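Remarks on the structure that follows.
Values in this text are rule-based calculations from the coordinates and carry no lab data. Here the structure is a predicted model, which means the values were calculated and not measured. Neighbour counts are summed over all protein chains in view; Cβ atoms, including those assigned to glycine, are modelled from backbone coordinates with ideal geometry.
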Amino acid sequence: MDVQTERMYCAEQINVPLELPEILKAFIKQVVLENPQNLVEFGARYFTELANETMDFEFPLEQFRDLRLAFEDIDTDSQFILSKETIGEVVINAGFSDLNFEGIWQHANFGDSLNWKEFIVFLTSLQSLPVPDALNYIFEIFSSEEDSSLTLADLSQLADFLFIRQENLPENFASDFKQAIGFTGDDIPEKNITFSEILESGILDVFTPSEQ
């Protein structure tokens, strides 16, 4: 654009593409994850690969499971709240040494301590999975190999961690989700639930096929 002949005099002249916010959000997440030394070169490579549809950053499921087990090994009293320093050590020792832990922590606006389950859920949210896929991923990470279910109490907490990081959720989805899985008022029934049962409840039907 010739800035001499096409100057902008008001905000209404700016036409922002609808997909720009999502593209920039994904780029920022990638920068936080990889902490590149040369941002310009990284950006050039990122957008070139994105244009060729080859940019695909994923965390292996087994690595997440190992991370959960590592936290459980040190959290013997099931207090769940650990210091930033302890969480960082566990994350690095569990094979996430390539992550920019400090950048991720600041990006999430975490404090000096955190529920380690929330940290794992936050890492999964960096993959920008659709809500149904993200919930399924959480089941895969936090349920045992012998039993693919979660208690309603555990699922409620993990879902809260997930939903708070999700943008553009349908209105009242978080409360509707809890009702769909069996909550009555503030009471949490003492039972387990599987991801298949959540699908059968129909609560995830609000997400279009293109988003699933």
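Place +1 on the Cβ of every Lys and Arg and -1 on the Cβ of every Asp and Glu in the stretch 126-189, take the dipole about the Cα centre, and give the residue among 134, 158, 173 whose Cα lies farthest towards its positive end.
Value computed over the given set: 173.
With N residues in the stretch 137-198, what two-decimal value do you get for its Cα radius of gyration over 2.2 N^0.38 Å?
On the way: Rg = 11.7 Å, N = 62, 2.2 N^0.38 = 10.6 Å.
Expressed relative to 2.2 N^0.38 Å, the Cα Rg reads 1.11.
For each of 62, 167, 89, count neighbouring Cβ atoms within 10 Å of the residue's Cβ, then give the residues from fewest to most. It would help to have the intermediate numbers written out before the result.
Working: 62 11, 167 8, 89 15.
Lowest to highest Cβ neighbour count: 167, 62, 89.
On the principal axes of its Cα set, how long, how wide and how thick is the stretch 61-211? Give whole Å, largest value first.
Principal extents (Cα only, largest first): 40, 32, 28 Å.
At a 10 Å Cβ-Cβ cut-off, how would you order 61, 158, fewest neighbours first?
Details: 61 12, 158 21.
Exposure proxy ranking, most exposed first: 61, 158.
Summing Lys, Arg as +1 and Asp, Glu as -1, what charge do residues with Cβ under 11 Å from the Cβ of residue 119 carry, residue 119 excluded?
It works out to a net charge of +2.
Give the cross-link partners of residue 84 among the lysines, using a straight C-alpha distance below 22 Å as the criterion and excluding same-chain residues fewer than 8 apart.
Residue 84 reaches 29, 117.
Rounded to the nearest 0.05, what FRET efficiency do residue 146 and residue 187 have when you use their Cβ-Cβ distance and R0 = 25 Å? Intermediate results must be reported in sequence, preceding the final value.
Values: r = 28 Å, r/R0 = 1.11.
Efficiency, from the Cβ-Cβ distance: 0.35.
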